Every structure is written in structure tokens, then in C-alpha cells.
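The structure appears right after this line, and notes come after that.
What follows is calculated from the coordinates using simple rules that are stated; it is not laboratory data. Nothing here was measured: the structure is a model prediction, and the numbers come from that model. Reconstructed Cβ throughout: ideal geometry from the backbone, glycine too, with neighbour counts over all protein chains shown.
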Amino acid sequence: MDNLDKKYLILTYGCQMNVHESEKLAGILENNGYVSCDNAVDADIVVFNTCAIRESAEQKIFGNIGELKNIKVAKPNMIIAICGCMSQQKNYAEEILRKYPYVDIIFGTHNLSKFDEMLKSRISTGKKVSSIVEDENIELRDEMKISRTSGVNAWVNIMYGCNNFCTYCIVPYVRGREISRPEDSIIFEVENLLKQGYKQITLLGQNVNSYKGVARNGKEVSFAKLLSDLDELNYEYRLRFMTSHPKDLSSDVIDVIANSKHICHGIHLPVQSGSDKILASMNRKYTKEKYLKLVNEIKKKIPDAELTTDIIVGFPDETDEDFEETLDVVRKTEYLQIFGFLYSKRKGTVAEKMDKQVDLKIKKERLSKLLAIKNEIVNKKSAELVGKTYRVLVESASKDDTLYGSLDSGKTISFNGNKNCVGEFVDVKVTMARKSVIYGEIVNEEETRLFKEKNFKLPIECSILPKDQKTMKILRENKSNKKQADDKNSKK
């Protein structure tokens with residue numbers, strides 16, 4: 001088979017960091033002559049970029065790996081690779097190979113840049129490749145070719161790893177200690193992306209607020225200084241960042257955002273809990289009072305700021321009173337969006353062995369209550385937008401000429417328009433709100449006629465099995481033909 005005919009499928013689980021790392025893996029595969037496809041039956045190589053943050057994610061991944069067994073029988077030359085946070089965990093590589101002997105390549109979070117070598121080794125020798133290391137050279141990762149598939153948005157790593165050791169979190173164990181990129185390297189990458197036409201840059205790090213880079217003159221660069229320097233780039237674009245730890249969000253950073261030209265006023269600020277007892281048990285290093293003081297400072301200095309957050313429900317020893325403290329923070333902050341999660345034990349974390357684990361039924365009841373309050377707040381905030389005009393970045397278009405874009409806050413809005421608007425900023429008036437969903441209309445349609453179509457690669461919907469039943473029929477026939485050939489050879 002010619003290399004140009006070879007196809008790859010990358011299945012990504014977890015956070016934005018994984019999404020961006022899958023773009024780097026795609027860059028390696030495309031450099032080796034592969035093209036992307038949307039299902040495992042068509043693929044010559046399937047890569048699972050895994051997540052270990054919650055037990056449900058691991059169960060889903062293991063289930064999907066299991067689904068490949070029959071496909072591998074029909075396509076014995078298909079390569080299966082497992083990487084990411086799950087495989088980086090202690091002894092997980094051995095467990096995967098034991099349970100799923102048809103897996104060909106396993107590597108972790110610290111040797112992403114070595115995937116090219118591992119792939120070529122597997123192809124040339126036919127032998128399995130398993131490599132989990134504890135350290136890495138981040139310069140090698142930063143030099144990797146990237147096949148960006150996030151539309152008008154470009155992800156940019158500013159740091160790797162985490163030093164926080166929240167008691168519920170596996171990240172420091174699988175991502176290692178914090179390492180910040182040099183400022184010049186970040187600015188160079190961002191400016192190149194802007195020259196290529198990207199209209200939104202999202203800075204990535206496990207805790208961007210603790211960024212400590214180095215300038216060309218050898219001086220330390222804080223996150224506030226990095227934001228300020230990036231804001232000076234003379235392009236029309238938006239600058240976002242995630243994730244932001246409350247204990248390290250300084251007044252300097254808030255001031256830079258308040259006075260910036262490009263930095264979005266939508267800030268993700270994970271609270272996790274509103275109870276001081278639970279926050280201490282989580283090792284979050286701030287109190288409810290300090291968090292709310294930070295929220296008030298943001299809203300005072302940036303009046304149009306919108307906050308989003310993460311909340312863990314049912315952490316060990318969380319009482320009804322503790323949960324009510326969390327709801328109090330929610331009501332006072334009025335988040336634009338809340339990502340609520342049931343606490344999930346993670347093997348190897350401190351919280352795994354804590355007493356007074358909360359019953360699953362109680363967790364679900366509390367999460368339902370949290371989401372009901374969230375929906376009430378979000379619906380109210382959506383209704384308040386009606387009649388107002390906002391600068392919107394158009395991010396995608398459907399076949400029926402419906403456009404989807406985002407406000408500075410990150411809120412999504414849909415409206416009718418020309419698909420050439422994708423990748424452009426347009427003024428949109430909000431005309432209707434249905435619960436949390438808002439709709440609008442372009443204020444000046446005349447200017448949109450001057451826009452030209454751009455070639456932003458968007459993520460495709462991927463799955464293990466194809467939706468096309470004809471393809472499934474071919475797979476079954478291939479499997480049957482292989483069995484017949486094997487039977488014939490055995491008789492000989």
C-alpha cells in the first residue's frame with residue numbers, strides 16, 4: 001500500500017492540553033504520509049491519547065480499546081498506540097499489554113516527541129514498543145510539527161507540569177513538575193500563528209498563573225509580564241488562557257487584563273468547593289473568603305468580566321453544610337458556566353485513602369441541585385444579553401448557513417450568515433435567548449460580502465466504528481476471508 005493511502009485516527013480524551021498534544025501527534029503522522037479519517041475500521045493506525053483525571057474516563061478508554069480486538073483480527077497490520085496520562089501512571093503500561101496484547105505502541109506524557117521513532121521502529125521490526133520515562137526535554141516537544149485542527153483557535157503551551165498536589169488530582173504524578181517555556185519562544189510562536197491568520201490564541205498550562213519564564217536578558221518573566229508583552233502584538237485577535245489557579249491569580253494579572261486590548265474578560269477560575277474545611281482537605285491553599293475577595297476584585301476592575309468554574313461534588317467528608325457553602329459561592333459569583341463533577345477516586349492520590357467517602361446517591365443529588373441553580377443563573381444572564389450588540393469571533397458554519405461564534409466572555413451565539421465569515425470578527429445583535437442558548441443577527445451584512453473563505457481545519461467527529469454500514473459489511477467479509485485463509489493454510 002502506498003503511504004499516501006494510509007490513514008490515521010486519533011481518539012482524544014480529557015483536557016485542552018491533550019487536544020493540543022493530539023495535534024502534535026497528528027503532525028508526526030502526516031509527516032509520515034498518513035491522512036486523517038473518522039473511524040477505526042478505515043484506519044491503518046489508531047492512537048488513543050488518554051486521560052486519567054476520572055475513573056469514568058479510564059473505563060471508557062479501556063472499553064474502546066477492547067472494541068478494536070475484532071477489527072485488529074480483520075486488519076492484522078493495523079497499528080494501535082496508547083499514550084497520555086493514563087499510560088504514564090505506574091504499572092499501567094504493563095497492565096495494558098497484559099489485557100490487550102494486540103496493542104503495538106505504548107508511551108507516556110514525557111516522551112511525546114519520540115513517537116516518530118517508536119512508530120518507525122514498530123513498522124520496521126514488527127516488534128511492540130513500550131516506553132514510559134519520567135523526564136523530558138521540553139525543547140523537543142516545542143519543536144514538533146503541529147497539525148492544528150481547532151479552527152480559528154490555536155493552542156500554545158507556556159508551561160508543562162504541576163506543583164500543586166491537590167489531594168484529589170493525579171496530574172502532578174503523570175505530568176511532572178512545572179517547567180516554563182522561555183518568553184521569546186512563546187512570543188515567536190504566537191506571532192507566527194497570528195501571521196497565519198489565527199484569530200484566537202489560548203495559552204495552556206496546568207496552572208498558568210505560576211508561569212515563571214526567562215526573558216532574553218536572563219530576567220524572570222511573570223505571567224502578568226507575559227500577558228502584557230503578548231498584548232502588544234499589533235493584530236486583531238483574542239488572547240485567552242487556562243487553567244488559572246485562584247491561589248496564584250495576582251492583582252498584577254487582573255490589572256493587565258483590565259487594561260488590555262486583546263485579553264478576553266472571560267476568566268476560568270476553578271473554585272472546586274466553597275467550604276474552608278473541604279478546601280483545606282483538597283490542599284487548595286485558599287479560603288472561601290479569599291476566593292470571593294478575588295472575585296470582587298476582578299468584577300470591580302473588569303466590570304464586564306464573566307467567570308466560569310469547576311466544582312467537585314461529594315469530596316470525602318463533605319457534609320450538607322459544606323455543600324451549602326459551595327452553593328453560596330455559586331450564588332454570589334453568578335458564574336457564566338459551571339463544570340460540575342462527582343468526586344472520583346484516583347489511585348495514587350492522597351484523597352483515595354481518606355475516610356468518610358460520600359455515598360454515590362448523595363453525590364448525584366447534590367450535583368443535580370448544583371446544576372439546577374447553575375441553569376437558573378445562566379438562563380437569567382442569557383436573557384440579559386437580548387437587545388445588546390457584541391463583537392463576535394465567527395468560529396464555524398453549518399450547511400444551512402448557520403454561523404457559530406463566541407463573545408469575548410466565551411459565550412456561544414448562533415446566527416445566519418455567509419460561511420466566509422468564519423475566522424472574522426463581526427458585530428452581532430442578540431435577538432433571542434432560549435434558556436442558556438442565545439441567537440442573534442449580523443449588524444452589518446454588507447461588510448461580510450468582502451470576506452473570503454479561509455482554510456481553518458476543524459475537529460472531525462471520530463468513533464471506533466463507522467456509521468456507514470457498507471464499511472462494516474466489508475470488515476465482516478475481510479474477517480471471514482481471513483479465517484477461511486487461515487483454515488486452508490492449517491490444512492496444508
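Each residue of the stretch 309-324 was assigned a 3J(HN,Hα) from its phi angle through the Karplus expression (A = 6.51, B = -1.76, C = 1.60, θ = phi - 60°), giving 8, 10, 9, 9, 9, x, 5, x, 6, 6, 8, 4, 5, 4, 5, 5 Hz with x at Gly and Pro. Taking the number of Cβ atoms within 10 Å of each Cβ as an exposure proxy, the fewest-first ranking of Lys369, Lys363 is Lys369, Lys363.
Proximity of backbone amide H atoms, modeled 1.01 Å from N, is registered between Leu465 and Ala40 at under 5 Å, excluding neighbours fewer than 5 places apart on the same chain.
Based on the Kirkwood radius over alpha-carbon pairs, what is the Stokes-Einstein translational diffusion coefficient of the stretch 411-450 at 10 °C with 1.306 mPa s viscosity, in µm²/s? Approximately 147 µm²/s, per Stokes-Einstein. Across the stretch 131-141, computed HN-Hα scalar couplings (Karplus, 6.51 cos²θ - 1.76 cosθ + 1.60, θ = phi - 60°) run 8, 10, 10, 9, 10, 8, 9, 5, 4, 5, 5 Hz from first to last residue, x flagging Gly and Pro. Positive contributions from Lys and Arg (+1) and negative ones from Asp and Glu (-1), summed over other residues with Cβ under 10 Å from the Cβ of Val313, come out at +2. Amide H contacts of Thr431: Gly387, Tyr439, Gly440, Glu441, each under 5 Å away and 5 or more positions distant or on a separate chain (H built 1.01 Å from N in the peptide plane; Pro and chain starts excluded). When a/c reaches 1.5 or more, the comparison of a/b and b/c decides; with that in mind, is the stretch 3-138 rounded, prolate or oblate per its Cα gyration tensor? Here the stretch 3-138 falls in the rounded category.
Each Cα pair under 8 Å and six or more residues apart adds its separation to the average, and for the stretch 147-383 the resulting relative contact order is 17 percent.
The HN-Hα couplings worked out from phi for the stretch 211-226 by the Karplus form 6.51 cos²θ - 1.76 cosθ + 1.60 (θ = phi - 60°) are 4, 9, x, 10, 7, 4, 7, x, 7, 6, 10, 7, 5, 4, 5, 4 Hz, whole numbers, x standing for Gly and Pro.
Separation of the alpha carbons by more than 21 angstrom is noted, of Lys127/Lys347; Lys332/Lys380; Lys301/Lys435; Lys7/Lys90; Lys60/Lys99; Lys290/Lys411, for Lys127/Lys347; Lys301/Lys435; Lys7/Lys90; Lys290/Lys411. In this structure, the amide hydrogen of Val129, modeled 1.01 Å from its nitrogen in the peptide plane, lies closer than 5 angstrom to those of Ile105, Ile106, counting only residues at least 5 positions away or on a different chain. With helices as the sole contributors, the chain gives -11500 deg cm²/dmol at 222 nm; each DSSP H run of n ≥ 4 counts as -39500 (n - 2.57), and the sum is divided by every residue. Averaging 1/r across all pairs of distinct Cα atoms in the stretch 169-212 and inverting the result yields a Kirkwood radius of 12.3 Å.
For the chain, the Cys residues with no second cysteine's beta carbon closer than 4.7 Å are Cys15, Cys37, Cys51, Cys83, Cys85, Cys162, Cys264, Cys421, Cys462.
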